[in-house]
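A.B. asks: Dumping the structure here so I can ask a few things about it.
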Amino acid sequence: MNHIFLPTQRIDWLSQKGKVEKIKPLTDDEVHALFKEPLKQEFVSFRDYTIMLVILDTGVRLSELINMKVTDVSINDGKILVLGKGNKERDVMFPVTTKEQLRRYIKIMNKCEIRGRFSSFTFQIK
C-alpha cells in the first residue's frame with residue numbers, strides 16, 4: 001500500500017513536535033508578592049524595584065532596559081526612547097507612579113554619579 005504524502009501533513013507534524021508552551025502571565029497575587037519583596041532602603045533594592053516597575057508598566061525587553069541611558073528617559077513627558085530589535089527606536093510611555101519612582105531613582109543615581117559610581121546607563125546592573 002502506497003501512502004500519499006501531503007505537504008500539510010508535514011506542517012502538522014512539525015507544529016506538534018516543536019510545540020511550545022505559552023508563557024503564563026503573573027496572577028495579581030504574584031505581582032503583589034513580587035512588589036512587596038524589595039526592601040527599598042538599600043540602593044540595589046531601590047534600583048530593582050524601579051526596574052520591575054519599568055518592565056511591567058512599559059513592556060520593554062530586558063536587553064532594552066539594560067541598554068537604556070539616562071538621556072533616553074524623559075520624566076516630564078512620561079516616556080522613554082527605547083532601541084529595540086533591529087536597532088529600531090520607539091517611545092514607550094509610563095504612568096505617573098513610574099514617573100515618580102524614576103524621578104527619585106535618577107535623583108539618587110545622580111548623587112552617586114558625582115562620586116563616580118555609575119555610567120550613563122540608567123540601570124547599572126554590575
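The values are calculated or read from the model by the stated rules, or taken from the named source; none is laboratory data. Quick caveat: nothing in here was measured; it's all calculated off a predicted structure. No Cβ is skipped: glycine too gets one built from the backbone with ideal geometry, and neighbour counts run over all protein chains shown.
A.B. asks: Could you tell me how many of the residues in region 41-58 are within 25 Å of C112 (Cα to Cα), surrounded by 13 or more Cβ atoms within 10 Å (Cβ to Cβ) and either hydrophobic (A, V, I, L, M, F, W, C) or in contact (Cβ under 8 Å) with a residue 40 or more places away in the chain (or both)? Before the answer, list the steps.
C.D. replies: Taking region 41-58 as the starting set, the residues that turn out to be within 25 Å of C112 (Cα to Cα) are 41-55.
Filter once more, so that each one left must be surrounded by 13 or more Cβ atoms within 10 Å (Cβ to Cβ): 43, 45-55.
Still in the list and also either hydrophobic (A, V, I, L, M, F, W, C) or in contact (Cβ under 8 Å) with a residue 40 or more places away in the chain (or both): 43, 46-47, 49-55.
Selection size over region 41-58: 10.
A.B. asks: If you go through region 59-93 one residue at a time, how many are loosely packed, with under 14 Cβ neighbours inside 10 Å and assigned to a helix (DSSP H, G or I)?
C.D. replies: Residues in region 59-93 being loosely packed, with under 14 Cβ neighbours inside 10 Å and assigned to a helix (DSSP H, G or I): 6 in total.
A.B. asks: Let me confirm something: among V96, V31, which residue is exposed (fewer than 10 other Cβ atoms within 10 Å of the Cβ), of a type outside the set (G, A, S) and over 19 Å from M109 (Cβ atoms)?
C.D. replies: Working: V31 fails: exposed (fewer than 10 other Cβ atoms within 10 Å of the Cβ).
Of V96, V31, the one residue that is exposed (fewer than 10 other Cβ atoms within 10 Å of the Cβ), of a type outside the set (G, A, S) and over 19 Å from M109 (Cβ atoms) is V96.
A.B. asks: I've got another one for you. So which residues in region 1-58 are in a helix (DSSP H, G or I), basic (K, R) and modelled with pLDDT of 80 or more? Walk me through how you get there before you give the answer.
C.D. replies: Let us first name the residues in region 1-58 that are in a helix (DSSP H, G or I), namely 7-17, 28-36, 43-58.
Okay, now just the ones that are also basic (K, R), so 10, 17, 36, 47.
R47, the sole residue that qualifies.
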